[in-house]
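The structure under discussion appears below in the form of structure tokens.
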Amino acid sequence: MHHKYQILHTIYESPNSLIYRAKRLADGEAVVLKVINRHYPEPEALARFRQEYEMTRSLEKEGVVQVFTLEPYQNGLAIVMEDFGARSLDKYLLEGGAMEVGQFLELAIPIAEILGRIHKRRIIHKDINTSNIIWNQETGQIKFIDFGIATSLESEAPKVIAPEQLEGTLAYISPEQTGRMNRDVDYRTDLYSLGVTFFHLLAGRLPFDFRQPMELVHAHIAHPTPMLHEICSKIATSVSAIVAKLMAKDPDDRYQSAHGLAIDLKECQSQWLAKGVMDRFPLGRMDELSQFKVAKKLVGREREVQTLLQAFSRADTASAELVLVAGFSGIGKTVLVGEIQIPVRQRNGFFLSGKYDQFNRAIPYAALLQVCHGLLAQILMASDIEISVWREKILHAVGDNGDILIRFIPELELLIGKQPETLALDPSSAENRFHRLFGLFLSVFSAPGIPLVLFLDDLQWADLPSLRLLHHLLSGGNLRHLLIIGAYRDNEVSPTHPLMTMLADLTKASVPVELLVLTPLSLEHVTQLVRNTVGATNDASEALAAISHKKTAGNPFFLRQFLLTLHDRGLIQFVSGHWLCDLEAIHHQGITDNVVSLMEERIHRLPEACQKVLQHAACIGADFDLNTLATVIQSTMRSVFTTLWPALEIQLIIPMDKGYQLARYLDKGDFSFRFVHDRVQQAAYHLIDTEARERIHYTVGRLLLAEKPDTNPSDLLLRITDHLNLAARITPGRFW
């Protein structure tokens, strides 16, 4: 590569990349080279560069830096891009400080317009900040750079991970992008980050000036946004209000489009140029929601949310408490419980969740295992000092019995080290010992003012060992500052169900148990949700709400899928800045009243190859990883990912890892996905005939058996047994 380019000087260096200004020797053209800052880059780093190059190239007409080629460089890759004499905005800030409002508006308007064009192409940047917007002050040209973590999915559901591991730039990151807000990440995350960028340009400093990563995350979630006009009296209240609206904590309270933002900025500019001052005016008058998204804002659950928050407050001082949320499938139990994440995260507490699976019910403690995996994943990504503190606390709590917990949670050994073997006991004594130790282990992660919240979903499928352990945790009297929230489908639980037996025993033991029964949404609440989705309060939206309520009986999941189906069929369209509904055509559509049938229909609209892969995934479980799936269908991981992409685009499945897009370029890697709801997995599962289903279970079982290392946990053996049993259940011996 050195014989093609002459490197002039370094523009920027980070742990991941180096950016050089260079000259192309063939024609003397000025270029910028972005190279991987590693002598021997990992496959993931190479994949990320390919991802960034292809994403940027697809956007070069939208106000994004032009890329020429992706070339080998030493042991890695280099992105060769145009050099139009620009520098990043943070460099201008370093030299000139805060911008005058006139100059700010000259920059802010084209920035908003470029972002609008990027969003129209269905791309979310996810890392907007002053270093990723470049400007040539002489020509006035402005362009966006660094699409390394951008996505072309309409939304993502981020996981809670350590702040140091988050994608994006912490000083500019949106509350939902931290994974601690019970909100999906969509294109409005860019609008929040743009608000922080505008704040930085106008104030010459960031809104939240904290050095510790967790302090920054907490500030984005909980601290009020400083008002610019209070910091600097020269800044007009209208500009201050625009930035504050961009930085609203809840995405629904922000600008809903960069287009609406650009119009308000132009209004400020025209007033400024005409009279040198700016009057306040109503913001967002021309805001629009041109991407169809069924509103996620909770409606009709105010009383239930309040009940959960009160239980959380009691957990500050009280003993362990149980709150049960009951209702039909799709009624919104999981979404409701998610609302409690926000106050938990604001106190830097742990909100941990696990889910029982209807197709893998033979694994003891399955959801509690997920809780522990999630907990340890967060701890092991913390700083060395924090890890050391947790290690000491756990060892102090469990004494010489750590080995018993390691058998249950193998990755605990990474945290506390190998522990001495413990004496074997009879089954009953061993279970009692395990219950006591598990309670001691959990007690490490709660404290006065910082309760521990466990959410266990789909308790109707819980195994008996889990129920016995829950009974011990709640009735033992030793655990304080613990709130356990359980969700279950009350229509699938008879009075003699083990869950009901456990609840009766808890009541006898005077353990506080609160029951919330969720009912379908009323017509009023369906109307509210439809209005939030199509952005209208006219007769047409009320008529659409009436049809939707009648068709779905107010079931939130069914309602969401019904509206998405109408949009898929072109019956809800964005025309001239408004969502229009073809009510007559909707009346005549033969849309099923059964949610599983509706999901089957949505699956059938996918390419045939995608349908087949989805069916195989449904046999693996509610969660599945690409490696297993690729082996089962005898294909490569990158091929399987590409085939599955249409199902990701319409959110029938969701990624569980932040780097999921790299699977497009890799043959190996740990990438997991989850069906967005049990009903989707159920629909995909039932599209396979019985014999083919058995064959898939057999293949998965044999595959897991072949790959099982000697040190793997016992839950894997139970998964293997489960798959092999399902393979032979109807016609034993067919595969043996």
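FYI, it's all coordinate maths here, none of it is from the lab. What you see is a predicted model; the values in this text were computed from it and never measured. Note that each Cβ is placed from the backbone with ideal geometry, even for glycine, and that neighbours are counted across all protein chains shown.
If one takes the longest principal axis of the Cα atoms in the chain, at what angle in degrees, from 0 to 90 and to the nearest 10, does the Cα axis of helix 258-275 lie?
30 degrees
Give me the distance between the Cα centres of the range 68-144 and the range 653-709, rounded to whole Å.
Cα centroid to Cα centroid, the span is 39 Å.
Subtracting the Cα-Cα distance from 0.36 nm times the residue separation, let me have the gained length for R205 to E542 in nm, one decimal.
Here the segment from R205 to E542 would lengthen by 116.7 nm.
Return P(r) of the range 208-264 (all Cα-Cα pairs; 5 Å bins starting at 0; whole %; ordered from short to long distances).
4, 18, 22, 20, 20, 13, 4, 0
Taking only DSSP H segments of four or more residues, each worth -39500 (n - 2.57), what value at 222 nm results for the chain once the sum is divided by all its residues, to the nearest 500 deg cm²/dmol?
One gets -14000 deg cm²/dmol as the mean residue ellipticity at 222 nm.
Taking the convex hull of the alpha carbon atoms in the range 523-591, what volume per residue do you get, in Å³?
So the per-residue hull volume is 77 Å³.
Please give every one of the lysines within straight-line cross-link reach of K275, meaning a C-alpha to C-alpha distance under 22 Å, and leave out same-chain neighbours fewer than 8 residues apart.
Cα-Cα hits under 22 Å: K234, K266.
If the convex hull of the alpha-carbon atoms of the range 112-157 is projected onto planes in all directions, what is the mean projected area in square nanometres?
Answer in nm², one decimal: 3.6.
Relative to the longest principal Cα axis of the chain, at what angle does helix 690-707 sit, 0 to 90 degrees, rounded to 10?
80 degrees
Under a no-solvent Debye model with one identical scatterer per Cα of the range 152-294, what's log10 I(q)/I(0) at q = 0.17 Å⁻¹?
Computed log10 I(q)/I(0) values: -0.95.
For the range 282-345 and the range 419-450, compute the distance between their C-alpha centroids and round to whole Å.
If you average the Cα positions of each part, the centres end up 32 Å apart.
Using alpha-carbon pairs under 8 Å, 6+ residues apart, how would you state the relative contact order of the chain in percent?
10 percent
Given 10 Å bins starting at zero, what is the percent of C-alpha pairs of the range 5-82 in each, up to the one with the largest pair distance?
For the range 5-82, the pair-distance distribution reads 19, 52, 28, 1.
For the ranges 78-90, 31-43, what's the packing order if you count other beta-carbon atoms within 10 Å of each residue, average per peptide, and put the highest first?
78-90, 31-43
Determine which lysines satisfy two conditions relative to K34: a Cα distance under 23 Å, and not lying fewer than 8 residues away in the same chain.
Reachable lysines: K4, K23, K61, K91, K126, K143, K658.
Roughly speaking, what is the stretch gain from H373 to K4, that is 0.36 nm per residue apart minus the C-alpha to C-alpha distance, in nm to one decimal?
Full-extension gain reported as 127.9 nm.
Show me 595-603, 688-696 ranked by packing, highest mean number of other Cβ atoms within 10 Å first.
Ranking, from highest mean packing down: 595-603, 688-696.
Tell me the Kirkwood hydrodynamic radius of the range 385-435 in angstroms, computed as one over the mean inverse distance between distinct C-alpha pairs.
With all distinct Cα pairs of the range 385-435 included, I get 11.6 Å.
For a quick protection proxy, order the peptides 276-282, 251-257 by their average other-Cβ count within 10 Å, most packed first.
Output ranking for 276-282, 251-257: 251-257, 276-282.
Over the range 351-502, what per residue volume does the convex hull of the Cα atoms give, in whole Å³?
122 Å³
Along the Cα→Cβ direction, 7 angstrom out, place labels at E392 and N75. What is the inter-label distance in nm?
Each label point lies 7 Å from its Cα, and together they span 3.9 nm.
Do the alpha carbons of any pairs in K249/K297; K249/K393; K249/K551 sit beyond 24 Å of each other, and which pairs?
In this structure, K249/K393; K249/K551 lie more than 24 Å apart at Cα.
Cα centroid distance between the range 213-274 and the range 564-623, in Å?
About 37 Å separates the Cα centre of the range 213-274 from the one of the range 564-623.
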